[in-house]
């Protein structure tokens, strides 16, 4: 327990300091965040996650197993995050948010996502502990998410019919034309919301849907709350930098969604069969890496295929 507490403290300090420095590096930057800066920060976040995983391996009790679980959970969350970039790009384009203002929206969106993910993780682990058959429901959700991603991943989302967007635009006083970083404005004794606030709501609602896929996937790898939370938070906090690094080239990875779909299907099988046969975490990690590697290689070898068939 004491060993776990020490790692909780180290984790909290590391991610807090890194995220604060990341904000200083981008929040006060004039203009959009460049690809070079984004790649640098993506590398720093990934490196920090790997160093943290190495420290778990070397110093935590039962560190070998925990480190493998962390790495598997981190890779799953990171691969799902890449696919989620399509939705974020669509939201920003639909709302007409200037590239220079996008980091500000992502900052608050990710901070809110951290809180929401922690609550979802605690609830999910508690459900599995209190009512074990819920793992079969989680497994079915993963099968559905896999199918939807593989066969309906290219469908355009009609944001005008999004219930969150429609509710907010009807209930709040909206300033349609606005350039800046404020979510609310006070004019003539009335409070108005800006397009940035509606964009934040759309991103939060999208992340809520993403959590339904990603959290059961990580729970299929491990039931350890420490491993689930730390791997998720490291991946989420690095998403802001990853967005700007991949926003311009994400369409190059046409086959990535199929690799992620296979991963979701696999962890669904792992969860459903867990009472009959526990698939080793090492085997799960190798399968996850294999699926991602094959999908990336196929995307690079056949870059002209924008909508590959299966």
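Descriptive notes on the structure:
- Packing, taken as the mean count of other beta carbons within 10 Å per residue, orders the peptides 273-280, 92-99, 262-269 from highest to lowest as 262-269, 92-99, 273-280.
- The chain, relative contact order in percent, only Cα pairs under 8 angstrom and at least six apart counted: 32
- Value of Rg/Rh across the chain [Cα atoms, Kirkwood radius]: 0.97
- Gap separating the Cα centres of the range 248-303 and the range 94-149, nearest whole Å: 19
- Angle between the chain longest axis and helix 256-272 axis [Cα atoms, degrees, rounded to 10]: 50
- Computed from label points 7 Å out along Cα-Cβ, the spacing between residue 100 and residue 132 is 5.9 nm.
- Cβ-based exposure ranking for 35, 221, 89, in which fewest neighbours within 10 Å come first: 35, 89, 221
- Fewest-first ranking of 230, 194, 6, 37, using other Cβ atoms within 10 Å as the exposure measure: 6, 37, 194, 230
- Going from the fewest other Cβ atoms within 10 Å to the most, the residues 104, 4 appear in the order 4, 104.
FYI, it's all coordinate maths here, none of it is from the lab. In this text, all values refer to a predicted model and were calculated from it rather than measured experimentally. Cβ atoms come from the backbone with ideal geometry, glycine included; neighbour counts cover every protein chain shown.
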